[in-house]
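**Student:** Got a structure here, written out as C-alpha cells. Questions coming.
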Amino acid sequence: MAREVAESCVDAVVIEMVSAFCDRFYSAEPELAARRIEAIGYQVGHQLVERYTVDCPRFTDHLEAIKFICKDFWSELFKKQIDNLKTNHRGTFVLQDNMFRWITRISPSPVPESKNESPTPSEDNQLAQATSMHLYFPCGIIRGALTNLGIPCAVSADISHRPACK
Amino acid sequence: MIVCVAVVGHQNNPLYLQSFTEADDALKLHHIVHCSLDVIEERVNNPKKSGPTLNETFLGLLYPTENYKVYGYLTNTKVKFILVTTDLEVRDADVRSFFRRFHAAYVDAVSNPFHVPGKKINSKTFAARVSSIVKTFGSGAA
C-alpha cells in the first residue's frame, strides 16, 4: 500500500529543517547543526534501505551494495540514477550526479542594483556554505543506508558546478 | 501449526520472539531459535557454489529436530527471521509467502520513527499483524 507525497512537500520540509537548525537551534555553531542534520539523515537512510531492499537478492560484496545505492535507491529518492561511478578499488567510491534534485533551486540572494560586477568572493563563499548545509542531509541518508547494509563508511559531498544559466 | 517466530538482528541480538503454543516451553523455543542461528551463519559463510542459492534471501529448511522444523530467512540488512513449525508436510511456497508477508510487516514496524534500531520491537500493530499472518499460514494450502 504505497502512499505518495508531493515532491514540493518534501522539498519544503528539507529546506525548513536545514534553515531551522542553522538559524534557530544552533545559530552560533554551524558544525553542531551540520552534525544534527547528518544524524537525522542517518536514521532516515537506515529505515529507508530496509524498505527498499525487500525484494532484492542478497548482495555478495561491497560493489553490489554500492551499485544498488546508485541505481535503485537513488531512483526511489531522486527519480533518476547516478550518472557516474568511480572507484579506486581500495574502498573509495565517487558518485557523481549531474543534476542533484534538492539543490537545483538554490540561487544567490539578489544583488542590490548599485553593484553590477560579478559576485565577490565572499558572497560566493556564503552561497557555498549555505549549499553545503543542504548537502549534509543526503550524506546522512547514504551513510545510514550503507551502514544498515553492513558497510561502515564516511560520506562527504562536493559541488563542482552550482546551478547556473548560460 | 506454527509454534514460534523470531526476529534476530545483525549482531544476533533478539528483536522479537513470539510463541504461539499454550504450553510453557518458551525456554525450549528460545534455545531452538538460538541453535538455528549457528546454522544460518554456517550457510551464509560457506555458500554452496553449485546451487542458485548464493543470493537468495530465503534460506530454506535449516534443520529438522525431533518434532520441529526450522526455516530461516535473511534480509539484505542482515536481519534474520526464524520460523519454527510442527507441521509434517509444509509446502515451500507457503513458507516463502509467509516470510514475504512477515518481511513487509517488519519493514513497517522498523519505519516507525520512535523505534530505536537494535532494540526490541514493542509495537502492538506488529504483534497483531504477525498473529494474523500466522493464523492464515497453511490454511491457504488446502
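**Student:** For chain A, I need the span (max minus min coordinate) of the C-alpha atoms along each principal axis, in Å, sorted largest to smallest.
**Tutor:** 61, 33, 30
**Student:** Which residues make up the longest stretch of chain A that has no GluC sites (Glu not before Pro) in a DSSP loop with at most 13 other Cβ atoms within 10 Å? Walk me through the numbers on the way to the answer.
**Tutor:** Details: sites that count: A:Glu4, A:Glu113, A:Glu117.
Within chain A, the longest run free of exposed GluC sites (Glu not before Pro) spans A:5-112.
**Student:** Now for a different question. Say the cut-off is 31 Å between C-alpha atoms; which of A:Lys80/B:Lys124; B:Lys80/B:Lys135; A:Lys79/B:Lys135; A:Lys71/B:Lys78; B:Lys28/B:Lys78 go over it? It would help to have the intermediate numbers written out before the result.
**Tutor:** Numbers: A:Lys80/B:Lys124 37 Å; B:Lys80/B:Lys135 21 Å; A:Lys79/B:Lys135 39 Å; A:Lys71/B:Lys78 21 Å; B:Lys28/B:Lys78 25 Å.
Over 31 Å apart, Cα to Cα: A:Lys80/B:Lys124; A:Lys79/B:Lys135.
**Student:** Report, as an integer, the average count of C-beta atoms from other chains found within 10 Å of each Cβ along B:107-117. List each step's numbers first, then the result.
**Tutor:** Details: counts 7, 3, 1, 5, 6, 1, 3, 0, 2, 1, 7.
Per residue, the average neighbour count from other chains is 3.
**Student:** Another question, if that's okay. As a footprinting exposure proxy, order B:Lys119, B:Lys69 by other Cβ within 10 Å, with the fewest listed first.
**Tutor:** Values: B:Lys119 10, B:Lys69 18.
Fewest-to-most ranking of B:Lys119, B:Lys69: B:Lys119, B:Lys69.
**Student:** To the nearest 20 debye, what is the magnitude of the charge dipole of the protein assembly as shown about its Cα centre, counting +1 on the Cβ of each Lys and Arg and -1 on the Cβ of each Asp and Glu? Don't skip to the answer; put the middle values down first.
**Tutor:** Values: 34 positive and 34 negative charges, 73 e Å.
The calculation lands at about 360 debye.
**Student:** Where Lys and Arg each count +1 and Asp and Glu each count -1, what net charge lies around B:Leu15 among other residues with Cβ under 9 Å from its Cβ?
**Tutor:** Numbers: positive: B:Lys119, B:Lys120; negative: none.
With Lys, Arg at +1 and Asp, Glu at -1, the net is +2.
Where a number appears in this text, it was derived from the coordinates with a stated rule and is not lab data. Here the structure is a predicted model, which is why all the values come from computation and not from measurement. We place every Cβ from the backbone using ideal geometry, glycine too, and count neighbours over all the protein chains shown.
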